[in-house]
Amino acid sequence: MRVAVTGGAGYIGSVVVEALINGGHDVLVIDNLCKGHRDTVPKLARFAQLDLIEQADVVRALRGFKADAVIHMAAFSLVGESVASPGKYYVNNVTAGIALLEAMREANVGRLVLSSTAAVYGEPAKQPIDEDDPTRPTNPYGETKLALEHALRWYAGAHGLSSISLRYFNAAGATATNGERHDPETHLIPLVLQAAAGTLERVTIFGDDYPTRDGTCVRDYIHVEDLADAHVRALGALSEPGICRAYNLGCGGEGYTVKEIIAAARDVTGRDIPTAVVPRRAGDPAVLIAGSSRISRDLGWQSRKSLDDIVTSAWQFMSVRAGAP
Ligand code: UDP
């Protein structure tokens, strides 16, 4: 298949591109490089540095590439920033997202896989969370992703667009070549590993007074390679027009607390990891665990990697980039 990947030079995007190329697909990466890194784009993929808001340019790129499908991962994704700057999120995640859907319509591309998020659920009433549970986002990040999911329903009815939205829980880990390179870094696992490497003085734990087994937040961490596998499977399930589905992507089970992640990183690295407890971060639900049985049933997808795989691969990636630890 000929697949255009928006945001394909970002963290998750770069791993999805790797999986597509390994699966024998032709890939066009579309990225404006506001966050992504040009050097992640493999030689076998084409690259177009484009802003999705420039609809005519995107139409030209999709037509020139003869795209069969789009994986749309270009978006802003930080909860705190979205609360502080909602307009930035509406413009990039909704306005540019709709411009992409219009460009796809003009270029006659009828298949889409959308990166969505557990943030569409807000403060969930039960765990694990299922796809039919209420979607009540508590921040503009989740709200803007949900807005695009809703638009897909109307595009399916009006234009026959087929789509699958993948609601990620906590993506983490790395491949041998691609991993997290955010600036500034805000995610727990890379920060914990920076503290292990000595490039960060200490890990700040955002609250230890949650109603959880050790007082810190529980999250469902999923290896980025398992996520990428789900994207490839989702593409294969879009052969008929008018499909519109959403799937959770997590490992389920009990999840891991912030303190358990730090303990796992101490085991993997053999290093001391200094910590300090600070007040809760605004907008953090106590527990987020995915119920992923729907995608297992429909697409045969299963997460295969453990927390140890996640932390070990992220540590190796960081060590290779920094020179030997
Ligand atoms: N967290 C933390 N300290 C940090 C960064 C994150 O305690 O420096 C916690 C955060 O409160 C959440 C979990 O780690 O419970 C995962 O946060 P992250 O930002 O990695 O992902 P999110 O859950 O926001 O998508």
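Points to keep in mind about this one:
- Selection within the range 266-312: residues that are part of a helix (DSSP H, G or I) and either aliphatic (A, V, I, L, M) or within 16 Å of the ligand (Cβ to nearest atom) (or both). The member of this set that is farthest from G80 (Cα to Cα) is L299.
- Residue check for A282: exposed (fewer than 14 other Cβ atoms within 10 Å of the Cβ) and closer than 19 Å to V218 by Cα: yes
- Considering the conditions (1) crowded, with 18+ Cβ neighbours inside 10 Å; (2) not assigned by TED's automatic domain parsing to the domain that holds S165; (3) not small (G, A, S), D272 is excluded by exactly one of them, (1).
- Search result, residues across the range 145-204 that are away from the ligand (no atom under 13 Å from the Cβ), over 30 Å from R245 (Cβ atoms) and surrounded by 14 or more Cβ atoms within 10 Å (Cβ to Cβ): R181, A196, A197
- Hits in the range 109-130 - residues which are outside any strand (DSSP E or B), away from the ligand (no atom under 16 Å from the Cβ) and open to solvent by less than 20 Å² (accessible area, probe 1.4 Å): V109
- Checked against (1) part of a helix (DSSP H, G or I); (2) open to solvent by less than 20 Å² (accessible area, probe 1.4 Å); (3) farther than 15 Å from R153 by Cβ; (4) more than 16 Å from the ligand (Cβ to nearest atom), G87 meets all criteria but (2).
- Residues in the range 299-322 that are surrounded by fewer than 19 Cβ atoms within 10 Å (Cβ to Cβ) and hydrophobic (A, V, I, L, M, F, W, C) were compared, and the one that is farthest from N178 (Cα to Cα) is L299.
- Applying the condition of being over 26 Å from W301 (Cβ atoms) and open to solvent by less than 30 Å² (accessible area, probe 1.4 Å) to the range 213-230 and asking which residue is nearest to the ligand (Cβ to nearest atom) yields T216.
- Restricting the first member to the range 191-218 and to residues that are not assigned by TED's automatic domain parsing to the domain that holds E123, and the second to residues that are open to solvent by 60 Å² or more (accessible area, probe 1.4 Å) and more than 12 Å from the ligand (Cβ to nearest atom), the beta-carbon pairs closer than 7 Å and six or more apart or on different chains are A196/R271; A197/A322; A197/P325; G215/D209.
The values are calculated or read from the model by the stated rules, or taken from the named source; none is laboratory data. All of these numbers come straight from a predicted model, not from anything done at the bench. For neighbour counting, all protein chains shown are included, and Cβ atoms are generated from backbone atoms with ideal geometry for every residue, glycine included. Accessible surface areas use protein heavy atoms only, side chains included; no ligands, DNA or RNA. Shrake-Rupley method; radii C 1.70, N 1.55, O 1.52, S 1.80 Å.
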